[in-house]
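The values are calculated or read from the model by the stated rules, or taken from the named source; none is laboratory data. Because the structure is a prediction, the values reported are computed rather than measured. No Cβ is skipped: glycine too gets one built from the backbone with ideal geometry, and neighbour counts run over all protein chains shown.
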Amino acid sequence: MTDSAKKEPKKGIVGKIKEAAEDKEEQLAILSTFVRLGVMIWAGGILTLNYVEIPGYKQEQKIDPTFIASVFTGVLATFGVQAGGKKNNGASGNISKKDMEYLIEKASQTAPAQTIRIEQGPVKLVNDQK
């Protein structure tokens, strides 16, 4: 037997993805990411074509980009990117730092609480008051 007969056949991109993600949930997550990327590229392309003149092509009617822009921003939001408008005081985002500090202060006065995230288990909670 030669060395070339022992070698595995070359795997395509789908085979490499399947090998990297054996779990079905991981495969679906990867597929979901590719679908979202495809929709984002499509919406970005349509929005770009709406504002760019193509030489030699006379565009008579422009489309209303509102729906496509909402699809584009919705897909961006699934990746954690959020578009925020400018406030009157010039701060970007929906809430200023001063407003956020005020809200945190008020929340801590009305209902003091602490969130604890435990990465390992098991945990045993014991009341040590006597």
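Out of segment 85-110, which residues are among the hydroxyl-bearing types (S, T, Y) and at pLDDT below 75?
S92, S108, T110
Just to be sure before I move on: is A113 more than 30 Å from R36 (Cβ to Cβ), part of a loop (DSSP other than H, G, I, E, B), modelled with pLDDT under 75 and hydrophobic (A, V, I, L, M, F, W, C) in the structure I sent?
Criteria met by A113.
Take Q27 and tell me if it is modelled with pLDDT under 80 and surrounded by 14 or more Cβ atoms within 10 Å (Cβ to Cβ).
yes
Just name the residue that is nearest to T78 (Cα to Cα) out of those in segment 55-67 that are modelled with pLDDT of 75 or more and not in a helix (DSSP H, G or I).
P65
Whether any residue in segment 36-52 is aromatic (F, W, Y), over 23 Å from the mean Cα position of the chain (by Cα) and modelled with pLDDT of 80 or more is what I want to check.
Yes, segment 36-52 contains at least one residue that is aromatic (F, W, Y), over 23 Å from the mean Cα position of the chain (by Cα) and modelled with pLDDT of 80 or more.
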